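Below: one structure, written as structure tokens.
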Amino acid sequence: MDIRVQAEAFDYGAEAGAFAAAATGAGAVVSFAGIVRDRASGGAGGGAGGRLARMEIEHYPGMTEKALAAMAGTARDRWSLNDVLIIHRHGPMVPGEVIMMVATAAPHRGDAFAAAEFLMDYLKSRAPFWKKEVTAEGADWVAAKDADEDALARW
Amino acid sequence: MDIRVQAEAFDYGAEAGAFAAAATGAGAVVSFAGIVRDRASGGAGGGAGGRLARMEIEHYPGMTEKALAAMAGTARDRWSLNDVLIIHRHGPMVPGEVIMMVATAAPHRGDAFAAAEFLMDYLKSRAPFWKKEVTAEGADWVAAKDADEDALARW
Amino acid sequence: MKLTVLYFAWLRERVGLPRETVETGATTVAGLVEELRAREERYALAFSDLKSVRVALDQELADFDAPLDGVREVAFFPPMTGG
Amino acid sequence: MKLTVLYFAWLRERVGLPRETVETGATTVAGLVEELRAREERYALAFSDLKSVRVALDQELADFDAPLDGVREVAFFPPMTGG
């Protein structure tokens with residue numbers, strides 16, 4: 001299990017490849033990458049906003065690591081997994097940059113998919129990160145979506 | 001959309017990384033890698049079998065490419081996707097080698113996950129590939145699992 | 001009618017060849033299977049349990065009651081195990 | 001009782017600082033919020049809509065009616081938007 005919270009950019013392909021290569025005995029690896037889009041989310045409505053100049057992610061040092069470790073632990077208790085990787089960046093980043101990734105390795109694909117989706121749903125709404133979007137019109141905190149909160153109900 | 005059926009090994013990390021980098025405008029990339037396990041599947045029961053020496057995958061040249069392209073097309077019709085990648089190997093391979101990968105890029109993570117799972121479920125039971133496992137005791141064709149057939153019902 | 005018939009995986013092994021040209025009067029897949037079964041023991045063995053046999057007509061999955069009208073390539077194989 | 005209080009995202013911006021030490025007699029999070037609101041307009045503004053405020057006690061998510069007994073660090077922030 002490997003959990004990293006960092007300002008530095010990372011190489012998604014290299015991380016996903018190394019994770020899959022290290023997952024001895026696993027038959028299935030699922031990985032997710034979240035990427036900075038080129039349009040702002042458009043506030044609470046979630047509609048397409050203006051062209052995004054950059055994104056800034058604030059987090060709560062200390063709590064972030066604990067929250068991610070707890071989520072990964074829950075995933076390992078709940079599904080049959082060989083390994084879990086979470087990397088999440090904070091600080092400024094521009095469109096096209098990878099914000100974060102989650103990877104799961106399991107003997108069977110159902111477990112790998114379910115655990116990855118579970119981690120993403122919890123990470124969206126229960127890990128202390130806050131996104132701010134900067135466009136030509138100014139800066140705006142991204143509003144949490146009801147759909148993201150609702151997604152937790154399925155687990 | 002990129003679909004490749006090949007005997008040659010490929011670099012999962014490099015492919016996943018390049019796919020994510022090329023997915024302009026996507027916020028979410030999901031990738032799946034299927035890896036040769038070190039134990040045989042144990043026949044129709046699906047229990048753990050003996051130590052796997054190698055796996056051989058037979059396919060139906062011509063139909064394979066058409067079937068994968070049709071599945072990818074259905075996924076693009078059904079979900080909002082920026083891009084789809086499928087690579088599937090045939091021929092002999094040893095434990096730890098990557099058999100195949102699927103990657104999906106979408107504006108939102110729900111679409112990327114659903115499309116990747118849909119493609120995996122269809123690929124398992126509707127693409128003309130057949131796995132043979134070779135152990136010290138001999139060679140055996142992998143039996144299709146009822147669970148894989150049942151998984152199609154959810155789409 | 002002349003058809004190219006393909007066999008894959010254990011069907012190929014039981015029949016003993018990967019492809020052959022078959023001259024048939026059958027109008028459906030089921031009729032073709034009956035003709036093949038009647039030929040030789042190895043065909044009878046390959047087609048002994050049709051629940052474990054799938055068929056594709058011109059590279060599209062089909063049912064055993066599908067007509068062979070206009071078909072050029074018939075493939076028989078076990079349930080697929082890709083991924 | 002002395003508490004370290006942290007603010008994140010727009011709560012930090014409205015309050016105007018990321019952390020402070022607060023001397024309080026409140027026994028619950030809700031009591032602490034009332035004290036802060038009464039201090040100055042910027043606090044009243046930050047806590048004007050509690051439906052948009054989340055709280056963590058010693059780095060664990062908590063409710064507004066949670067007791068402050070033994071707590072050393074209280075953090076206020078908007079709903080999280082990670083991933």
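Which of the residues that make up the stretch A:74-94 are touching a residue at least 60 places away in the same chain (Cβ under 8 Å) and more than 14 Å from chain D (Cβ to nearest Cβ)? Quick ask: steps written out before the conclusion?
First pass over the stretch A:74-94, keeping only residues touching a residue at least 60 places away in the same chain (Cβ under 8 Å): A:76, A:83-91, A:93.
Within the stretch A:74-94, A:76, A:83, A:84, A:85 qualify.
In the stretch A:11-25, what residues are of a type outside the set (Ser, Thr, Tyr) and either at pLDDT below 95 or surrounded by fewer than 17 Cβ atoms within 10 Å (Cβ to Cβ) (or both)? Lay out the reasoning, then the answer.
We begin by selecting, within the stretch A:11-25, every residue of a type outside the set (Ser, Thr, Tyr); these are A:11, A:13-23, A:25.
If the condition is that a residue be of a type outside the set (Ser, Thr, Tyr) and either at pLDDT below 95 or surrounded by fewer than 17 Cβ atoms within 10 Å (Cβ to Cβ) (or both), then A:11, A:14, A:18, A:21, A:22, A:23, A:25 are the ones that fit.
Can you run down the residue pairs with Cβ atoms below 9 Å, 6 or more apart or on separate chains, where the first is in the stretch D:1-22 and within 13 Å of another protein chain (Cβ to nearest Cβ) and exposed (fewer than 14 other Cβ atoms within 10 Å of the Cβ) and the partner is in a loop (DSSP other than H, G, I, E, B) and not basic (Lys, Arg)?
From residues that are within 13 Å of another protein chain (Cβ to nearest Cβ) and exposed (fewer than 14 other Cβ atoms within 10 Å of the Cβ), the pairs are D:18/D:8.
Please enumerate the residues belonging to the stretch D:50-74 that are surrounded by 14 or more Cβ atoms within 10 Å (Cβ to Cβ) and either on the phi > 0 side of the Ramachandran plot or of a type in the set (Lys, Arg) (or both).
Hits for the stretch D:50-74 are D:54, D:58, D:59.
Quickly run through the stretch A:100-130 and pick out the residues that are crowded, with 23+ Cβ neighbours inside 10 Å and not in a helix (DSSP H, G or I).
A:100, A:101, A:102, A:103, A:104, A:105, A:106, A:127, A:128, A:129, A:130
What residue, of A:8, A:15, A:65, A:56, is part of a loop (DSSP other than H, G, I, E, B) and either touching a Pro at 6+ places or on another chain (Cβ under 9 Å) or not β-branched (Val, Ile, Thr) (or both)? So that I can check it myself, show each step before the final result.
Details: A:15 fails: part of a loop (DSSP other than H, G, I, E, B); A:65 fails: part of a loop (DSSP other than H, G, I, E, B); A:56 fails: part of a loop (DSSP other than H, G, I, E, B).
Going through A:8, A:15, A:65, A:56 in turn, just one is part of a loop (DSSP other than H, G, I, E, B) and either touching a Pro at 6+ places or on another chain (Cβ under 9 Å) or not β-branched (Val, Ile, Thr) (or both): A:8.
If I ask for residues that are part of a helix (DSSP H, G or I) and in contact with a strand residue (DSSP E or B) (Cβ under 9 Å, 6 or more places away or on another chain), which ones from the stretch A:22-45 would you list? Step through it out loud before you land on a result.
Initial filter on the stretch A:22-45 (part of a helix (DSSP H, G or I)): A:22, A:43-45.
Within the stretch A:22-45, A:22, A:43 qualify.
Within the stretch A:35-57, does at least one residue satisfy the condition of being over 19 Å from the mean Cα position of the chain (by Cα), at positive phi and away from chain B (no Cβ under 12 Å)? Explain how you work it out, then say what you get.
Our first condition is that a residue be over 19 Å from the mean Cα position of the chain (by Cα); within the stretch A:35-57, this holds for A:42-45, A:47-53.
Now drop any that are not at positive phi, which leaves A:42-43.
Among the residues that remain, those that are also away from chain B (no Cβ under 12 Å) are: A:42-43.
Yes, because at least one residue in the stretch A:35-57 is over 19 Å from the mean Cα position of the chain (by Cα), at positive phi and away from chain B (no Cβ under 12 Å).
Yes or no: the stretch A:138-148 includes at least one residue that is away from chain D (no Cβ under 11 Å), in a strand (DSSP E or B) and over 26 Å from residue B:120 (Cα atoms).
Within the stretch A:138-148, the subset away from chain D (no Cβ under 11 Å) is A:138, A:147.
Those still in the list that are in a strand (DSSP E or B) too: A:138.
Filter once more, so that each one left must be over 26 Å from residue B:120 (Cα atoms): A:138.
Taking every residue of the stretch A:138-148 in turn, at least one turns out to be away from chain D (no Cβ under 11 Å), in a strand (DSSP E or B) and over 26 Å from residue B:120 (Cα atoms).
Look through B:154, B:126, B:54, B:89 and report the one residue that is more than 28 Å from residue A:37 (Cβ to Cβ) and at pLDDT below 95.
Details: B:126 fails: at pLDDT below 95; B:54 fails: at pLDDT below 95; B:89 fails: at pLDDT below 95.
Among B:154, B:126, B:54, B:89, only B:154 is more than 28 Å from residue A:37 (Cβ to Cβ) and at pLDDT below 95.
Does residue C:14 meet the test of being closer than 30 Å to residue B:101 by Cα and at pLDDT 95 or above? Let's see the steps before the verdict.
Working: closer than 30 Å to residue B:101 by Cα: no; at pLDDT 95 or above: yes.
Criteria not met by residue C:14.
What is the number of the single condition among (1) at pLDDT 95 or above; (2) loosely packed, with under 15 Cβ neighbours inside 10 Å that residue B:59 does not meet?
Here residue B:59 meets the rest and fails (2).
Among the residues of the stretch D:37-54, is there at least one that is closer than 23 Å to residue A:146 by Cβ, in a strand (DSSP E or B) and either touching a residue at least 60 places away in the same chain (Cβ under 8 Å) or touching a Leu at 6+ places or on another chain (Cβ under 9 Å) (or both)? Explain how you work it out, then say what you get.
Filtering the stretch D:37-54 for residues closer than 23 Å to residue A:146 by Cβ gives D:46-54.
Right, trim to in a strand (DSSP E or B) and you get D:54.
Next cut, either touching a residue at least 60 places away in the same chain (Cβ under 8 Å) or touching a Leu at 6+ places or on another chain (Cβ under 9 Å) (or both) only: D:54.
The answer is yes; a qualifying residue exists.
Quickly run through the stretch A:104-127 and pick out the residues that are within 15 Å of the chain's Cα centre (by Cα) and more than 14 Å from chain D (Cβ to nearest Cβ). Give the steps one after another, and end with the answer.
Taking the stretch A:104-127 as the starting set, the residues that turn out to be within 15 Å of the chain's Cα centre (by Cα) are A:104, A:113-127.
Correct list: A:104, A:113, A:114, A:115.
The values are calculated or read from the model by the stated rules, or taken from the named source; none is laboratory data. Model, not experiment: these values are computed from the prediction. FYI the Cβ positions are ideal-geometry reconstructions off the backbone, even for glycines, and counts take in every protein chain you see.
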